[in-house]
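Enquirer: This is the structure I have questions about; it appears just below.
The values are calculated or read from the model by the stated rules, or taken from the named source; none is laboratory data. Please read these numbers as outputs of a predicted model, since none were measured by experiment. Every residue, glycine as well, gets a Cβ built from its backbone with ideal geometry; the counts of neighbours run over all protein chains shown.
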Amino acid sequence: MNTPDRPPAPPLDIRGLRLRLPRTARPVLDGVDLTVGAGETVALVGESGSGKTLTSRSVLRLLPTGAATEGTVRVAGDDVLAMDPEQLRHLRTGTAAMIFQDPRAAINPLRRIGDFLTESLRLNTATPPAEATRRASTLLEAVGLTDAALRRYPGQLSGGMLQRVMIAAALMGEPALLLADEPTTALDVTTQAEVVSLLGDLRERFGTGLLFVTHDLGLAAAISDRVYVMYAGRIAETGPADALFSRPRHPYTAALLGSTPRLDAPPGRLVAIDGQPPGLQVELAGCPFAPRCGYATDLCRDQAPAARPLPGDPARLVACHHSDRLEGSALDG
Amino acid sequence: MDEVDQSVGATSATPVLQVSGLHRTYGAVRAVDDVSFALAAGGSLGIVGESGSGKTTTARIIVGLEQADTGRVSVNGRERTGRGRGRAHRLARAREVQLVFQDPYLSLDPRTPVGAVLREALRLHFPGADHTSRVAELLDQVGLGERSADALPRQLSGGQRQRVAIARALAVEPAVLVLDEAVAALDVSVQAQILNLLADIREQTGVGYLFITHDLGVVRCVTEQVIVMRQGRIVESGPTARVLADPQHPYTRLLLESVPRPGWDPRAIAAARRALRQA
């Protein structure tokens, strides 16, 4: 056969995503570009209100009422924003799956774990019940639990165990893309390590793309291949995790690193950023970070910077007029 | 553990807070099991541990929200264990130790403006005086403008609300401020502002801090002494710099290794955690 091989579509490809909510002065998401390759772990980092959670929810089209969108959100090649209800159902039960922050809020406390795990397969596919149960017990084993959990109720499991159940549930439909929204924030640090190690194993075993949404820079640096830093609905900076954290080129990334109380930073006062992110009622002219930025000039206040590749480093994109001024700064490691 | 340093923090001056032999059980669970430590005047002591370690119960006993089965808590040499005798006695006790909670949404009345929150605390403890200038001073101390006196909690950001909670705690000039995960719910950029603010306040007022947290980075940033708790017991204690640089107890080592950083190995941590649990 001589058909030209087209490279398979990446698990996630977001282009120019713009999202407006009613009664707001600026878009909540403003031109977000983001991709996740097969088997790749990508971290989306930002503070509250940055738009990171909305970005991940838009992948399943779980949007607030009245949301108006522009751009495309392609999951394994298909645009989620253009799907009909049947396609959307197929997406949410198969191609992509989400793990939420609080497993207790996402599991019906009155149903057994076995019911919860197999429900989606039983309702949406022709899978025989025995086959669904078999798959559930295989996945429970993969996440470090035993068959016994199938007959348990959520209240009988600890938070860490329940989050493993959530991960097993997310994998039931063999998704190409796993979305994890602060999946370890509610867990103790040692439990967090277990869940992260598990996600890493599963990604290797099943080749799933993983979008990991977090506010924790240290965690993002530790687990991801690439990182996107969001601020006020825009991607401020993106690139390979190690380069981005050792040599930040957007003042906001640098400020976040300076604000984080780290074990390996010099002790003493933190480099705090004054002020707070702009609210949704503030119309933005220019760079949204300019009012809090030590490098800001008139250019920044007038003209929003476009994301541009760093000279000599096309894998890194930075939306800053003055990214060159961060070269050789104190944070460069 | 038999090698727990009982004199943590009591190096120079008389300790402002002395805790000895605290026990508290709930049914069969030993929530607090023989906890003793001292906080130096104007010092800052961190209590680290995971959920169920007993750190919050210890804090609640110190503040007086919970009674210990046995053991003693004293502030500036005055015993505060047992039930308070009379209103004046209870108020005096409340003035000594103040508490800042994790969630300022839940600890502030949604209908009371910021200025009134502070006036109420001042009127309760110092009746009959005019508090106008003190309210302004407190707002200024925590970095809020005088205009915010009229604001309701919902009109403020999370960081601003936590500043209000800190101002209310400082209003009665406590000897000890207990901060129970007080910065855990804040975004990192706001958390940094509050941590710096707390450092400034301690320098200016000489108030002592008891910092309850799960975050070792925060402990490193704001405490001089630290105790590590696990299953109700103190497993390690000492100067923060030493404990973090050279941890002696396997649990302290596990906690430190669990902090994500580049080159982090979650698999090794998961294995170490299982080994420790079976030990």
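Enquirer: Please tell me if A:L317 is within 23 Å of A:V32 (Cβ to Cβ), not in a loop (DSSP other than H, G, I, E, B) and not aromatic (F, W, Y).
Expert: Yes, satisfied.
Enquirer: Give me the residue from the stretch B:240-279 that is in contact (Cβ under 8 Å) with a residue 24 or more places away in the chain and surrounded by 19 or more Cβ atoms within 10 Å (Cβ to Cβ) and, out of that set, farthest from the other protein chains (Cβ to nearest Cβ).
Expert: Selected residue: B:H249.
Enquirer: Provide a single number: the residues in the stretch A:82-105 that are under 18 Å from the mean Cα position of the chain (by Cα), in a helix (DSSP H, G or I) and surrounded by fewer than 18 Cβ atoms within 10 Å (Cβ to Cβ).
Expert: Of the residues in the stretch A:82-105, 0 are under 18 Å from the mean Cα position of the chain (by Cα), in a helix (DSSP H, G or I) and surrounded by fewer than 18 Cβ atoms within 10 Å (Cβ to Cβ).
Enquirer: Something else now. Of everything in the stretch A:245-264, what is out of contact with any helix residue (DSSP H, G or I) (no Cβ under 8 Å at 6 or more places or on another chain) and without any contact (Cβ under 8 Å) to a residue 40 or more places away in the chain? Give them in sequence order.
Expert: Correct list: A:D264 only.
Enquirer: Hey, does the stretch B:173-182 have a residue that's in contact (Cβ under 8 Å) with a residue 12 or more places away in the chain, surrounded by 18 or more Cβ atoms within 10 Å (Cβ to Cβ) and in a helix (DSSP H, G or I)?
Expert: no
Enquirer: Please tell me if A:A285 is farther than 26 Å from B:L198 by Cβ, hydrophobic (A, V, I, L, M, F, W, C) and surrounded by fewer than 20 Cβ atoms within 10 Å (Cβ to Cβ).
Expert: Against the criterion (farther than 26 Å from B:L198 by Cβ, hydrophobic (A, V, I, L, M, F, W, C) and surrounded by fewer than 20 Cβ atoms within 10 Å (Cβ to Cβ)), A:A285 qualifies.
Enquirer: Identify, from the list B:A184, B:A268, B:A272, B:A192, the residue that is within 13 Å of the chain's Cα centre (by Cα) and either farther than 30 Å from B:G21 by Cα or not β-branched (V, I, T) (or both).
Expert: From the options B:A184, B:A268, B:A272, B:A192, the qualifying one is B:A184.
Enquirer: Where in the stretch A:110-215 are there helices (runs of 4 or more DSSP H), lying wholly inside it, with at least 1 residues that are modelled with pLDDT under 85 and within 13 Å of another protein chain (Cβ to nearest Cβ)?
Expert: Ranges flagged: A:159-171, A:189-206.
Enquirer: Further, regarding this structure: Mind checking which pairs have a first residue in the stretch A:111-128 that is surrounded by 15 or more Cβ atoms within 10 Å (Cβ to Cβ) and a second that is of a type in the set (F, W, Y) and assigned to a loop (DSSP other than H, G, I, E, B), Cβ under 8 Å, 6 or more apart or different chains?
Expert: A:R112/A:Y153; A:I113/A:Y153
Enquirer: Taking B:G217 as the residue in question, decide whether it is farther than 26 Å from B:L118 by Cα, in the same structural domain as B:R30 (by TED's automatic domain parsing) and touching a Leu at 6+ places or on another chain (Cβ under 7 Å).
Expert: yes
For (1) without any contact (Cβ under 8 Å) to a residue 12 or more places away in the chain; (2) assigned to a strand (DSSP E or B); (3) within 13 Å of B:A165 (Cβ to Cβ), each residue gets a yes or a no:
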position	(1), (2), (3)
B:L106	yes, no, yes
B:P110	no, no, no
B:R119	no, no, no
B:R123	yes, no, no
B:G128	yes, no, no
B:E137	yes, no, no
B:D140	yes, no, no
B:A149	no, no, no
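Enquirer: Now a separate question. Inspect the stretch A:250-259 for any residue being more than 25 Å from B:Q160 (Cβ to Cβ) and either within 22 Å of the chain's Cα centre (by Cα) or more than 8 Å from chain B (Cβ to nearest Cβ) (or both) and give the result as yes or no.
Expert: Yes - at least one qualifying residue is present in the stretch A:250-259.
Enquirer: Let me ask another. Looking at the stretch B:157-165, can you tell me whether even one residue there is closer than 26 Å to B:T58 by Cβ, in contact (Cβ under 8 Å) with a residue 24 or more places away in the chain and more than 14 Å from chain A (Cβ to nearest Cβ)?
Expert: yes
Enquirer: Out of all the residues in the stretch A:232-244, which are in contact with a helix residue (DSSP H, G or I) (Cβ under 7 Å, 6 or more places away or on another chain) and either at pLDDT below 90 or more than 10 Å from chain B (Cβ to nearest Cβ) (or both)?
Expert: If the condition is that a residue be in contact with a helix residue (DSSP H, G or I) (Cβ under 7 Å, 6 or more places away or on another chain) and either at pLDDT below 90 or more than 10 Å from chain B (Cβ to nearest Cβ) (or both), then A:A236, A:E237, A:L244 are the ones that fit.
Enquirer: Right, another one. Take the conditions closer than 28 Å to B:V29 by Cα, within 14 Å of chain A (Cβ to nearest Cβ) and over 19 Å from the mean Cα position of the chain (by Cα) and apply them to B:T213. Does it pass?
Expert: no
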